[in-house]
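Enquirer: Have a look at this one before I ask anything.
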Amino acid sequence: MTNTDDDRRPKYQRIADSLREAIQSGEYGPGDRLPGENDLMAEHGVARMTARQALGVLKDEGVAEARKGAGVFVRDFRPLRRRGIQRLSQEQWGSGRSIWSADVESRALVVDQVTVSEEEPPERVSLVLGLAEEDSVCVRRRRFVLDG
């Protein structure tokens, strides 16, 4: 971890970034145990709370998971990251690509279930669509499976 004077980010964020980089480079693979709080405290010269926060960042991002009494481990799957602005950009959606393709990149996305049914719409939907009370709507549901 580089410690430069111009890096004003909190220490826990810098530690989390270095762990994330180690995971992305393959130093830690899926299922591998990450350094514990004591290891991070000794390596980076920080308090226990700072080390705990660094690991918490990775857990909150879905990159790592805590196992009670065993430590923090790299998760087996990569979480789906929504890229709000990029997914609606002219280059993405405006060029005919699906908005999902910005989120999933080159990962395998499969629609494994599609159902269509006729249902009574919720009141707010009826209001927006200007439907009569007795009108029904067609509802399409799809289940997307990412990376199996």
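Throughout, read-outs are computed from the coordinates displayed, never taken from laboratory work. A quick note: this is a predicted structure, and the numbers were derived from the prediction, not measured.
Enquirer: Each residue of region 55-62 in turn: what ³J(HN,Hα) in whole Hz from Karplus with 6.51, -1.76, 1.60 and θ = phi - 60°, glycine and Pro shown as x?
Expert: For region 55-62, the Karplus-derived couplings read 5, x, 4, 5, 5, 5, 7, x Hz, x marking Gly and Pro.
Enquirer: List, in order, the whole-Hz ³J(HN,Hα) value for each residue of region 124-130 obtained from phi through the Karplus relation with A = 6.51, B = -1.76, C = 1.60 and θ = phi - 60°; use x for Gly and Pro.
Expert: 5, 5, 4, 5, 5, 8, x
Enquirer: ³J(HN,Hα) across region 30-39 via Karplus (A = 6.51, B = -1.76, C = 1.60, θ = phi - 60°), whole Hz, x for Gly/Pro?
Expert: The phi angles translate into x, x, 6, 7, 7, x, x, 4, 4, 5 Hz.
Enquirer: Enumerate the amide H contacts of residue 34 below 5 Å, restricted to partners 5 or more residues apart or on another chain; note that Pro and chain-start residues carry no placed amide H.
Expert: 72, 73, 74
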